[in-house]
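What follows is a short report on a single structure.
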Amino acid sequence: MNFLAKNKLLFFAISFVVIGAICNFALNSYIQALVVSFMINAIMALSLNFITGVANQFSLGQAGFMALGAYTSAVLTKVYFADQWYFIPLTAFAGALVSTVAGYLVALPSFKLRGDYLAIVTMGFAEIVRVLFLNWDFVGGPRGYNGVVKWPDFLVSYGFTGAALFLTFIVLYHLKISWFGRNLWALNEDEIAAEVMGTPIAKNKRFAFLFSSFFAGLGGALYGHHLGYFSPASFGFLMSVQILIFAVLGGLGSMSGSVLSAGILTALPEILRSLPTGGIDIRMIVFPILLILLMILRPQGLLGRKELF
Amino acid sequence: MANKIKVEHLAINYGNIKAVKEVSFEFKRGEITTLIGANGAGKTSTLKCIAGLLPAKSGKVIIDNGNMHIDITKMTPADRLRAKLALCPEGRGVFPNLSVFDNLMLGAYLNKDKKKIAALVEQQYEFFPKLGERRNQLSGTLSGGEQQMLAIARALMSEPEFLMLDEPSLGLAPVIVEQIFDKFVLLKKNGLGLLVVEQNASLALEVSDYAYVLETGEMTLNGTGESLLKDSRVQEAYLS
């Protein structure tokens, strides 16, 4: 199974261009913004799915890495690049790198822990990051970061965010099916047996965590430039949980599942919002019920561990 | 060429609890050595400690080459595997969502020579024909006996000189257990040194060259398999 096979690549390229064109010429800016939101959500879901789905290390700190990416990129564009949008790819990359470094620092001590304990440590990390930005006046403190430079129009935003999603998907998908992915599956399923095989389990976990935090930072940076505003509250515990929901619903271990569920869960609240319910907002009732039903009927997520192609 | 592994005054603690008080024994290449004992006697802890999964509180594990002694007490599990000491863990420990082939490939993780690995895989398929038939099947869908064979084959992928097996008969039908023990005899004839931990004492003692009895963290008896089979204390405690 080779994802980079030419015909598949061509198919994705053409559908990407067609969807972009339809959104740009036929649909309003509300839908356009949703499409970009979906792609960012998909990047976040993928980043978490790699560490939690493939390597089975339960992380609840994805919002913290997202915040690091968002703030780094926003500050860099403002301070060094005079708010010129064409530097965003560069600063987003820098944001992702800062997030990776933070990921390394978190990983060093915490991969002696397992399961729930790791979740608590990563959660604590995300809180530290949030409180740090909350008290840093230069980036707006609790008022949030106003005036983040935005993409000039939909097509540019669509192109770059789409490219980032493609990069995230390709890298994580290939890692999953590589020998490194096989080592992660092994430690996922039986740590003792994996250690007895001589695989360096602590190193593998750290390495997987680095990739996860890199792409979470990248997603966070794009999030900031997409909305033009964020505050520490944007990156609270709820955000981490939301990302977890994306990954679990799509199927832990399934990369295409994460993209699929990000699409569904981005669209669903909006569809429910637009239903004619006579002024009563049933969205917050229906949405959780749907989630509960889905988890009862398909506890392994939409795709389980399989991929769509 | 190493010819035996010596365990000297090994003690293992879990926190303050003494799991193994002090055990000394050895196992040689070309022999099957058995460790029998009741639940909680410290058999699994002893194997885990020899494989490097648990730290030793005191004592030593030594590879004895006749003229050279290598102390492996402080080595990582990977380094012990490089020193040709492999463990087939309790409860089989196959990776259920990976194929038979992928499981075997993980067993050869430390080997970087692709041709050699391919030859080793074929060798396992020959040794366990059932695995060859099911090479692309997810190992979680194999029967218990096949999973045990896979676990053994996976351990053999590292080309060990010493192989430790933790309860290979666990949860298997007697006829399958016999098949597996037949393989042990073949492996022993090929020069492998086997250390088998067993609750199924009668069969284990029948095939083993030497055996030790472990009781609440201490060695209480030892002797050839045959002599222990006839020993009244063993008969009373483990064979009746």
Exercise for the section: Please go through the range B:76-96 and pick out each residue that is buried (at least 17 other Cβ atoms within 10 Å of the Cβ), touching a helix residue (DSSP H, G or I) at 6+ places or on another chain (Cβ under 6 Å) and outside any helix (DSSP H, G or I). Expected result: B:ALA86, B:LEU87, B:CYS88, B:PRO89, B:GLU90, B:ARG92, B:GLY93, B:VAL94, B:PHE95
Completion exercise
Going through the range A:232-257 in order, the residues found to be of a type in the set (Ser, Thr, Tyr) and closer than 17 Å to A:PHE65 by Cβ are A:SER234, A:SER240
Practice task
Those residues that are buried (at least 17 other Cβ atoms within 10 Å of the Cβ) and within 17 Å of A:SER29 (Cα to Cα), I need them from the range A:145-159; list them, please.
Solution key: A:LYS150, A:TRP151, A:PHE154, A:SER157, A:TYR158
Completion exercise
Every listed condition ((1) within 20 Å of A:VAL121 (Cβ to Cβ); (2) more than 14 Å from chain B (Cβ to nearest Cβ); (3) among the β-branched types (Val, Ile, Thr)) holds for A:ILE201 save (2)
Exercise for the section: Considering every residue within the range A:218-233, establish whether at least one is touching a Leu at 6+ places or on another chain (Cβ under 6 Å) and among the small types (Gly, Ala, Ser). Expected result: no
Exercise for the section: Select from the range B:103-119 the residues that are free of Cβ contacts under 8 Å to residues at least 12 places away in the same chain and in a helix (DSSP H, G or I) and write down the one among them that is nearest to the other protein chains (Cβ to nearest Cβ). Expected result: B:LYS114
Handout entry: Residue check, A:PHE11 free of Cβ contacts under 8 Å to residues at least 60 places away in the same chain and either part of a loop (DSSP other than H, G, I, E, B) or under 25 Å from A:LYS306 (Cα atoms) (or both)
Key = yes
Practice task
Kindly check whether there is at least one residue in the range A:84-97 that is touching a residue at least 60 places away in the same chain (Cβ under 8 Å), hydrophobic (A, V, I, L, M, F, W, C), outside any helix (DSSP H, G or I) and over 17 Å from A:PHE215 (Cα atoms).
Solution key: no
Exercise for the section: Kindly indicate which of A:PHE214, A:PHE207, A:PHE230 is more than 20 Å from A:ILE128 (Cα to Cα), of a type in the set (A, V, I, L, M, F, W, C) and either touching a residue at least 12 places away in the same chain (Cβ under 8 Å) or within 10 Å of another protein chain (Cβ to nearest Cβ) (or both). Expected result: A:PHE207
Practice task
Would you check which residues across the range B:182-240 are in contact (Cβ under 8 Å) with a residue 60 or more places away in the chain and among the polar types (S, T, N, Q) and list them?
Solution key: B:GLN199, B:SER208, B:THR216, B:ASN222
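Read-outs throughout are calculated quantities, based only on the coordinates presented, and are distinct from any laboratory measurement. Values in this document were obtained by computation on a predicted structure and should not be read as measured data. So basically every Cβ, Gly included, is an ideal-geometry build from the backbone, and we count neighbours across all protein chains shown.
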